[in-house]
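Here's the structure, in structure tokens; my notes come after.
The values are calculated or read from the model by the stated rules, or taken from the named source; none is laboratory data. Just so we're clear, the structure is a prediction, and the values are computed from it rather than from any experiment. Quick reminder, even Gly has a Cβ in these numbers, built from the backbone with ideal geometry, and neighbours come from all protein chains shown. Heads up: the accessible areas ignore ligands, DNA and RNA and are worked out on the full protein's heavy atoms, side chains in. Shrake-Rupley method; radii C 1.70, N 1.55, O 1.52, S 1.80 Å.
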Amino acid sequence: MDKLADPDYVKGKLIKFINCRLLRNHKLVEDYLLILDGVIQDPQVVFWDHLRRPDIYVDCKGGIISPGYIDIQLNGSIGYDFSSDLDDIQEAVDNVSKAQLLMGVTSYCPTMVSSPSEKYHQILPFLGPRAGSIENGAEIIGAHVEGPFINPEKKGAHDMRVLRDAKNGINDFYDCYGKDNLIKYVKYATVASEIPGVMDSIEQLIEETGIVVSQGHSLATVQQAETAFNKGIHLVTHMYNAMATFHQRDPGIVGMLGSPHRDLFYGIICDGIHVYPNSAKIAYYAHPRGAVLVTDAMCAQCLANGDYNLGDMSVQVKDGSVYITGTETIAGSVADMSECVKKFVKFTNATKIEALEAATLHPAQALKIEHKKGTLNHFADADLLILDDDLSIKRIFISGVEATKDSVKFHSKFQDKK
Amino acid sequence: MRLVIRDDPVAAAFYTANYVKRRILEFAPTAEKPFVLGLPTGSSPINIYKYLVEFNKAGELSFEHVVTFNMDEYVGIPRDHPESYHTFMYNHLFKHIDIKPENINILNGNAEELDKECLAYEDKIKSFGGIEMFLGGIGPDGHIAFNEPGSSMKSRTRVKTLAYETVLANARFFGGDVNKVPKLALTVGVGTVMSAREVVIIITGAHKAIALYKCIEEGINHMWTVSSIQMHPSAMIVCDEDSTLELHVKTVRYFKSIEQVQEELIGRENIGLKGSISSLSKMNFTNKYV
């Protein structure tokens, strides 16, 4: 096994990445990166105060070092689904986390679609924050609960029967998810602000639980979206998808792209299927610093070509797309974050820097974790990717340890089927 | 004193860096007998450091047994301030090379007792048996380190108030705000530099032509502190053509002819690094001019 993939070997060792460009302060700068015990170091402190020279050198061969990708919306992968795999949820979390890690996603938010209350109580405890490592796989930032306080008319693939309103205010939220679950396990929730009781609960929900709130699956008018923003919803869930279409007099949530708010963030599924490339470009040009790339991938992500039974759905995976068996209907996203980053550059003419930041810095800012994640700043976690100039991933490090196919073993739910 | 003239600043830096390399290699430093090198900051040495880094990366020169003493540091700005000399040295040289951090000495401008810090610095230099080679730059007013015009030629390491001109000149590094520029610095003295067994000064650019002229063609004068180099037994100035603008043609030709004679008549292989002619018998006397 590669020594850098051995946590015991790298423990206490000062690792210097050389021959690289760092994504730092919106620039690619030629510099070194120093890490120790999973944390990016302030090189001058190491040098002048600790009088230390590096123990290990990693030659990046001229590559780019980026923070690891962050996917804040992932429903499942390799056959596992976070919303339905009740019986093997721990197995699902463990395997998906590792699969994500090997795809360069070093932290993510496992996402539950609208579910009945008891499911939240059963599943959320398994989706709470968990550190990343080569044993655990990608870091879990905390769960994303998408719904059920969303608009039935924009339910997407969510189950109509479990959608609800919040006429009793904050108590409906606590009744649905459990207040403790929100505090302990949930990082953010997607709601539709026009659903009765939601708008008036937002501030209290944020204040009492510390979660981030996003708006989506919604028919909010632009005024409603603006009011929601002012109450603390600074994030939009998959821009364009499951919301009112753009109209010049009422552009809806899409119209928030034209708002003057610099601290607005919007998820965007940049797979070229869920959002037409031109739309991605429009969003990017309107508000480049707010773009947050999400895969919104479901259980068929990473599955080999073939037929599968996912929940009560029969699907066929064929060359990177997943169809309901026997039809041409797309059954969900199987996007891979690395591909989304490349497509973002292609669709929008964004620079490499901007595309990488849309998969690293912006999601971290949207979830208010940029002190630890999404940057190469001193004292941030050493979750790193080494990329070539085509933005193909060459090497992956989690918490300062290299993740390789040999060091990170996982299996898909359909191991036998392949 | 030797004066080496090169076409442009890059060539002058390349010469100087090569010279430093050859001196260190010839010295063959060990842990017990390290090479003690005095170092400057400023625009002049940047290219020299760039070449030294290249030599180090190419494996041609190791700093494993090199001990360094820097000339100066501002008082009262954080060590990691972008304009601190710690940051300068770290970014231009130290982070790129294999030097041991414990072998580096830079005055601490945030020391509780600045005078003590300066005395300790001199003692530390002494403890290594003095500085083998002090590399330096020069200001347009002929200053070396922060030894502004009027500094004692015998001065040692101490706290120094910066000249108004220096403060104005430095304002560009502090957002154009004169009030943000440190007014005090710790600096080695002229005497500290001149106590080194060898002094090498790099001077480039037309704006330093008057300083070069004042320092080598006129008398020793504390208003041009680098002029003290005239009394040093083993000193060399490396400059570019532009900086010789104020020199007499005679001066420039003389120093160029020295190199020419050495190259063409004596042969580089017969000349020691510091210009000594090592072996008369090996010289090529067939040349008609000798």
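Please go through the range A:103-130 and pick out each residue that is out of contact with any strand residue (DSSP E or B) (no Cβ under 6 Å at 6 or more places or on another chain) and aliphatic (A, V, I, L, M).
A:Met103, A:Ile123
Take the residues in the range B:145-197 that are touching a Pro at 6+ places or on another chain (Cβ under 9 Å) and not in a helix (DSSP H, G or I); name whichever of them is most open to solvent (accessible area, probe 1.4 Å).
Only one residue tops the list, namely B:Arg197.
How many of the residues making up the range B:219-273 are of a type in the set (Asp, Glu) and touching a Leu at 6+ places or on another chain (Cβ under 6 Å)?
0
When the residues of the range A:233-262 are filtered to those that are open to solvent by 30 Å² or more (accessible area, probe 1.4 Å) and in contact with a helix residue (DSSP H, G or I) (Cβ under 8 Å, 6 or more places away or on another chain), which remaining residue is nearest to A:Asn75 (Cα to Cα)?
A:Tyr240
Listed here are the residues, each with its yes/no results for (1) at pLDDT below 95; (2) closer than 30 Å to B:Gly59 by Cβ; (3) of a type in the set (Ser, Thr, Tyr).
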position: B:Leu93; (1), (2), (3): no, yes, no
position: B:Pro101; (1), (2), (3): no, yes, no
position: B:Leu119; (1), (2), (3): no, no, no
position: B:Lys126; (1), (2), (3): no, no, no
position: B:Gly129; (1), (2), (3): no, yes, no
position: B:Ile138; (1), (2), (3): yes, no, no
position: B:Met153; (1), (2), (3): no, no, no
position: B:Thr157; (1), (2), (3): no, no, yes
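Those residues that are of a type outside the set (Ser, Thr, Tyr), open to solvent by less than 40 Å² (accessible area, probe 1.4 Å) and over 18 Å from B:Ala206 (Cα atoms), I need them from the range B:218-261; list them, please.
Result: B:Ile229, B:His232, B:Ala235, B:Met236, B:Phe255.
Considering each residue of the range B:1-53, count those that are in a helix (DSSP H, G or I), closer than 15 Å to B:Glu64 by Cβ and in contact with a strand residue (DSSP E or B) (Cβ under 6 Å, 6 or more places away or on another chain), and give that number.
Selection size over the range B:1-53: 2.
What strands (runs of 3 or more DSSP E) lie completely within the range A:27-90 and have 2 or more residues being on the phi < 0 side of the Ramachandran plot and within 14 Å of chain B (Cβ to nearest Cβ)?
Passing ranges, in order: A:27-30, A:33-36, A:56-59.
Determine which member of the set B:Glu26, B:Glu32, B:Glu64, B:Glu60 is within 14 Å of chain A (Cβ to nearest Cβ) and among the acidic types (Asp, Glu).
B:Glu64
Just to verify a result, which residue in the range A:92-113, among those that are closer than 13 Å to A:Asp81 by Cα and among the small types (Gly, Ala, Ser), is nearest to the chain's Cα centre (by Cα)?
So the residue we want is A:Ser97.
For residues in the range A:189-199 being crowded, with 24+ Cβ neighbours inside 10 Å and not in a loop (DSSP other than H, G, I, E, B), which is farthest from the chain's Cα centre (by Cα)?
A:Val191
Looking only at the range A:364-394, how many residues end up being part of a strand (DSSP E or B) and in contact with a Leu (Cβ under 7 Å, 6 or more places away or on another chain)?
Matching residues across the range A:364-394 total 2.
Can you tell me which residues in the range A:343-381 are of a type in the set (Lys, Arg) and open to solvent by less than 60 Å² (accessible area, probe 1.4 Å)?
A:Lys373
Scan the range A:209-216 and tell me whether some residue there is under 27 Å from A:Asn349 (Cβ atoms) and either aliphatic (A, V, I, L, M) or part of a loop (DSSP other than H, G, I, E, B) (or both).
yes
Yes/no matrix, rows are residues, columns are (1) part of a loop (DSSP other than H, G, I, E, B); (2) within 12 Å of chain A (Cβ to nearest Cβ); (3) open to solvent by less than 30 Å² (accessible area, probe 1.4 Å):
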| residue | (1), (2), (3) |
| --- | --- |
| B:Gly76 | yes, no, no |
| B:Asn91 | no, yes, no |
| B:Ile99 | yes, yes, yes |
| B:Gly130 | yes, no, yes |
